[in-house]
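Since the structure comes first, as structure tokens, the remarks are kept for the end.
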There are 2 protein chains.
Amino acid sequence: QGEVRDCQELTDVERAIETVINQFHCYAVKGQKEYLTPNEMQELVVQKLPHLGKVRCVGPLEEKIECMGDPDEAKLEFGEYWDMMGDAAKGCRRK
Amino acid sequence: QGEVRDCQELTDVERAIETVINQFHCYAVKGQKEYLTPNEMQELVVQKLPHLGKVRCVGPLEEKIECMGDPDEAKLEFGEYWDMMGDAAKGCRRK
């Protein structure tokens, strides 16, 4: 019974936030859930945001990833990841 | 056929981002989807983030809402809303 989490009671928004958080954890392999490398972030964007890409809001996102530094060594922390997802969201809203 | 959107093809992350965007639009009544008033944001947090609240990550969120200014007149734009949701998410991650 200790494992019981009231996930089923989460609201749609809470589940949505959880989904975005989980992606970070899934892809942050090298940084052990603490940070994403630019390569990992790039992989996440390609695999998980293919449609945001199509509507051309991910353009600036990819530029930002390139500016982050060494693709395998630079560190993107959770807050920066969230900001980047926000940029993608803002791009979509503008559409 | 003009209405066809490939929603069913959206990835889980894209749907999640869409959900978070939609909340902003739903609650931004006074600002006609352009901004939330502090009262509207407060309503959103209470109704849509009840569990994030329980785990005590929404504390700072409510403080921030109070600091925004006149509850019915101050304007919270989409970027600020997204940042606040990020603060809630960070709080949860820390747990």
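The values are calculated or read from the model by the stated rules, or taken from the named source; none is laboratory data. What you see is a predicted model, and the numbers here were worked out from it, not measured in a lab. Glycine gets a Cβ as well: all are built from the backbone with ideal geometry, and neighbour counts include every protein chain shown.
Of all residues in region B:7-41, those that are more than 13 Å from chain A (Cβ to nearest Cβ) and either assigned to a helix (DSSP H, G or I) or crowded, with 22+ Cβ neighbours inside 10 Å (or both) total 5. Any residue at all in region A:54-75 that is within 14 Å of chain B (Cβ to nearest Cβ), outside any helix (DSSP H, G or I) and modelled with pLDDT of 90 or more? No, because not a single residue in region A:54-75 is within 14 Å of chain B (Cβ to nearest Cβ), outside any helix (DSSP H, G or I) and modelled with pLDDT of 90 or more.
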